[in-house]
Every structure is written in structure tokens, then in C-alpha cells.
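Q: Take this structure, written in C-alpha cells, and hold onto it; I'll ask about it next.
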Amino acid sequence: MKIAYVTMQFPVASEAFAAVEIRAFRRLGAEVTVLTYRAAAAGAGAMLAERGLETLQVDHGGPAAGLRGLLQMARKPTDSLWLIAVISRHCWRRPLQLLKALALVPRSLDLLHRLDTLRPDVVHLFWGHYPSLIGLLVRRRLPGTVVSLFLGAYDLEQRFALSRLLAHRAHVLLTHARANLPSERVRVSHRGIEISTSLPAPAKTRGLMVVAERLVPQKRTADILRLFAEVTKALSHAQLRVLGSGPEAAALKALAAQLGIERQVTFAGHVAHAEVFRHLAEAEVALTLSQSGSERLPNAIKEAMLQRCLCLSTRTAGIEELIDDGKTGLLVDGGDPAGAARRLLDVLSDPAAVARIGRQAQAQIVAHFDVDRLMAERLQIWSALCQARSPGVAA
């Protein structure tokens, strides 16, 4: 099967799960090409190599792609005017989205030309907001191609009008948590992790805690430092490793010093994905306290559960699909680091409970979040749609 993956930018550090899916598809024998709206990020080649995707074909946006798009607009004025009219009709109430969508028209026409050449079996929109532009064009001009639309939490928060329009025209609508779109028409396709990359877990280091996330305000890593400061009052041997980089790094280091825990906190900066697994294999506890509405079943927590960590997370929408409180991890209310610390210390006081929760967490991931099995199921969905497709058949 030939799959065209459309996203805004690839690879980027914040979309490691896209690379996980693409690797799974390739292991399953599918041919994948990635097409992006934005130009390649700095260090894109190194990131592809780090993710084992150095041979992946990626068609990046950028100035050259924009010029090609303008040429395609001149060659296909009917398609160009149709797309501009659709954008104007549906996005006029939100001027910023209107302007952004209009600015992406040239690249959308360039992508349509590229897809017309590639002739993939499936065009999968990894993001459901602005990539909806090319989804609508494909439905109009490439009727034999299956259009697969993924709507995640961020897409739903954006409320982009063309996402709603394409949702009614796409051949299949996917999301990664039942809490996102509770509808019979929507297929839940969890974002999985690579079970085969799990390392043989050594004995856990008692008191070692890990947080693996981008250091940005919405992740609320500062709350984790406050939680950890409370934990150290009872567990003087506790250690915290912060894996990740971002604009909050300097402020977080200053906060650690202010809280008097700088000697027990290691800021590791950006860590390669394989190294993250090593840290998780050693850690007893993994933490996340994000309260972001776009947070859904974090892959970092799945990876920690696979490594039998005791995972503590805030109650975000859909998290119960991943963590069964008290059985496969711990769920706490956001905004209360001291209360979360008390809950964590209560469980850590019972080593047998920590070990039991770790085993049950690992079993949960193996049973329900194996990316190879999940992507095989998605391929079956797409294959059935491809077999049923013929030009002119309505969605």
C-alpha cells in the first residue's frame, strides 16, 4: 500500500509519535511518503537519522514549494478559485484562520500536483486543521484515493471550519481517544509505542524519578519540581531527572535552586529516544502534571508504563483510557503539587504495591498500545476502503 502522510512539519521533536507510526507502517510493508506544509526544521536530517528514517522521502514546504504552488495556481485556476471560495465561505468569521488558510493555498496546489504524480492509495492527514485544505482538494480531484482524516485534541481545540467540512467528506475519520469524539462514525485508533524497543528492565533505582517532556509552560514542569521538593522531605535519597529542552529550562533551574533541590535534580536537556528508554528502565517513578486541554494519553507515559514505572499523571480528558487509578498508575488533580506528593509517598511506602502497579501497567501497554498491531488494524481499515473505492463513489 502506498501512503502519503500529510503534516505541518516533519520531523520535529514534538511529533515523535508520527515517526513511531511511520516506522511501524514500513515494518508492515507499506510505502510511506511524507508531505509537509512548512519548511524543514533545523537539524531535520539528524532527527530523521535519530529516528531510523534517514531513507524516508519527505517533501518539505518552503519558498521553492511556494513558487511551484503559484505556478500550479496559474495552471489550474479552477481548482485555485474553488479552494479560495471554500476558505472564504467557511472561515470568514475567524480572520486569523482565514488569512493563514489563504496563505497556504499555493502549497496546497503544489501538494495536489505532487499527489497526482505519486498516486498513493491513501492520503492520511496526520493533523486535521490546515492540512484539511489538501484533503478537500484530493476529494475533489483524486476520487480514487482514500482520504483519511485524523482529529486529535489540538485539532478539536482549534475548531478550524474546514476540519468540520472535511470530516463529512473524508472516507474515514480517526482519533486517538474515545473522549475526543464520542461518535459511532469515528474510529478510535490509539497512538501506540514500539513494544519491541523495550529494554530488559534492570532492578529499579529506588527513589529515582523521571519526567520526559518539552520544557514549555503548558507542561507545568514547575509543578513537578514543587511536588519533588515535597517528596524529598520524606525521601532524602530521591533523585529527579528532567529529560527534555525548551524555553522554560533556565526558569526551571532557577526554581530548583529556590526550592533547595538543585543537587537532587538533573536537567539532561534533549535526550535521544533510545536514551529515554534507558532512563525509564532505571526509574521507579515517572511524572507528568500537564493540565493542557490538548493532552491526551501521552506517549511518554505509555513508554514509562512499558518499563514498569509507577506513573503519576493529572486527570486530563481521556486519561482513564490509559491509566486505571491505583491499578496501572496514579491520577491526581491538577494544581495541587503537595497533594500529589502525598499520594505518591503513600504508594511508595509499600514496595509491593509499587511493583504490582508496574507489572499491571506494562501488561496494559502490551495488550492495548502496541503500535505494530494498531497500525496493522489501520492498514486493514484503509485496505477495505481502497477495495471498495471506484471513481465517483461518495464518501
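Q: Do any residues in the range 40-66 that are without any contact (Cβ under 8 Å) to a residue 12 or more places away in the chain have Cβ atoms under 6 Å from those of residues that are in a helix (DSSP H, G or I) and not aromatic (F, W, Y), where the two are at least six apart or on different chains, and which pairs are they?
A: Pairs found: E54/L48.
Q: Within the range 231-240, work out how many residues are out of contact with any Gly (no Cβ under 9 Å at 6 or more places or on another chain), touching a residue at least 12 places away in the same chain (Cβ under 8 Å) and surrounded by fewer than 22 Cβ atoms within 10 Å (Cβ to Cβ).
A: Total meeting the criteria: 1.
Q: So is R356 under 30 Å from I224 (Cβ atoms) and either loosely packed, with under 14 Cβ neighbours inside 10 Å or free of Cβ contacts under 8 Å to residues at least 60 places away in the same chain (or both) or not?
A: Here the answer is yes, as R356 does meet what is asked.
Q: Looking only at the range 295-322, how many residues end up being in a loop (DSSP other than H, G, I, E, B), among the aliphatic types (A, V, I, L, M) and either at pLDDT 85 or above or not assigned by TED's automatic domain parsing to the domain that holds I357 (or both)?
A: 1
Q: Related question: Restrict the check to the range 225-239 and report whether at least one residue is within 30 Å of E21 (Cα to Cα), assigned by TED's automatic domain parsing to the domain that holds R342 and touching a strand residue (DSSP E or B) at 6+ places or on another chain (Cβ under 9 Å).
A: no
Q: I've got another one for you. Name the residues in the range 234-261 that are more than 25 Å from R343 (Cβ to Cβ) and in a loop (DSSP other than H, G, I, E, B), would you?
A: S245, G246, P247
Q: Go through (1) touching a residue at least 60 places away in the same chain (Cβ under 8 Å); (2) surrounded by fewer than 20 Cβ atoms within 10 Å (Cβ to Cβ); (3) closer than 23 Å to S245 by Cβ one by one and return the number of the condition A304 breaks.
A: Of (1) touching a residue at least 60 places away in the same chain (Cβ under 8 Å); (2) surrounded by fewer than 20 Cβ atoms within 10 Å (Cβ to Cβ); (3) closer than 23 Å to S245 by Cβ, only one is false for A304: (2).
Q: Output the residues belonging to the range 148-199 that are part of a helix (DSSP H, G or I), among the aliphatic types (A, V, I, L, M), modelled with pLDDT under 85 and in contact with a Ser or Thr (Cβ under 6 Å, 6 or more places away or on another chain).
A: A153 - this is the single residue of the range 148-199 that is part of a helix (DSSP H, G or I), among the aliphatic types (A, V, I, L, M), modelled with pLDDT under 85 and in contact with a Ser or Thr (Cβ under 6 Å, 6 or more places away or on another chain).
Q: Another question about this same structure. Restrict the check to the range 292-300 and report whether at least one residue is in contact (Cβ under 8 Å) with a residue 12 or more places away in the chain and of a type in the set (D, E).
A: yes
Q: Here is a follow-up. Pick from R342, R389, R373, R378: which is of a type in the set (K, R), within 17 Å of L312 (Cβ to Cβ) and either in the same structural domain as V138 (by TED's automatic domain parsing) or surrounded by 14 or more Cβ atoms within 10 Å (Cβ to Cβ) (or both)?
A: After applying the criteria, what remains is R342.
Q: Give the residues of the range 11-64 that are in a loop (DSSP other than H, G, I, E, B), surrounded by 17 or more Cβ atoms within 10 Å (Cβ to Cβ) and in contact with a Pro (Cβ under 8 Å, 6 or more places away or on another chain), sorted by residue number.
A: Listed by number, the residues that qualify are Y37, R51, L53.
Q: Would a scan of the range 87-96 turn up a residue that is free of Cβ contacts under 8 Å to residues at least 60 places away in the same chain, in contact with a Ser or Thr (Cβ under 8 Å, 6 or more places away or on another chain) and not acidic (D, E)?
A: Checking the range 87-96: not a single residue is free of Cβ contacts under 8 Å to residues at least 60 places away in the same chain, in contact with a Ser or Thr (Cβ under 8 Å, 6 or more places away or on another chain) and not acidic (D, E).
Q: Between L83, L98, which is of a type outside the set (F, W, Y), assigned to a helix (DSSP H, G or I), farther than 26 Å from R119 by Cβ and touching a helix residue (DSSP H, G or I) at 6+ places or on another chain (Cβ under 7 Å)?
A: Going through L83, L98 in turn, just one is of a type outside the set (F, W, Y), assigned to a helix (DSSP H, G or I), farther than 26 Å from R119 by Cβ and touching a helix residue (DSSP H, G or I) at 6+ places or on another chain (Cβ under 7 Å): L98.
Residue by residue, here is whether (1) touching a helix residue (DSSP H, G or I) at 6+ places or on another chain (Cβ under 7 Å); (2) small (G, A, S); (3) closer than 15 Å to H113 by Cβ holds:
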position	(1), (2), (3)
T7	yes, no, no
A13	no, yes, no
A39	no, yes, no
G43	no, yes, no
V58	no, no, no
P63	no, no, no
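Q: Inspect all residues belonging to the range 360-374 and state whether any of them is over 30 Å from S148 (Cα atoms), polar (S, T, N, Q) and touching a Leu at 6+ places or on another chain (Cβ under 8 Å).
A: Yes, there is a match, as at least one residue in the range 360-374 is over 30 Å from S148 (Cα atoms), polar (S, T, N, Q) and touching a Leu at 6+ places or on another chain (Cβ under 8 Å).
Q: All but one of (1) among the polar types (S, T, N, Q); (2) at pLDDT 95 or above; (3) surrounded by 16 or more Cβ atoms within 10 Å (Cβ to Cβ) hold for S292; state the number of the condition that does not hold.
A: (2)
The values are calculated or read from the model by the stated rules, or taken from the named source; none is laboratory data. The model shown is predicted, which means the values in this text are computed figures rather than measured ones. Positions of Cβ are generated from backbone atoms using ideal geometry, with glycine treated the same way; all protein chains shown enter the neighbour counts.
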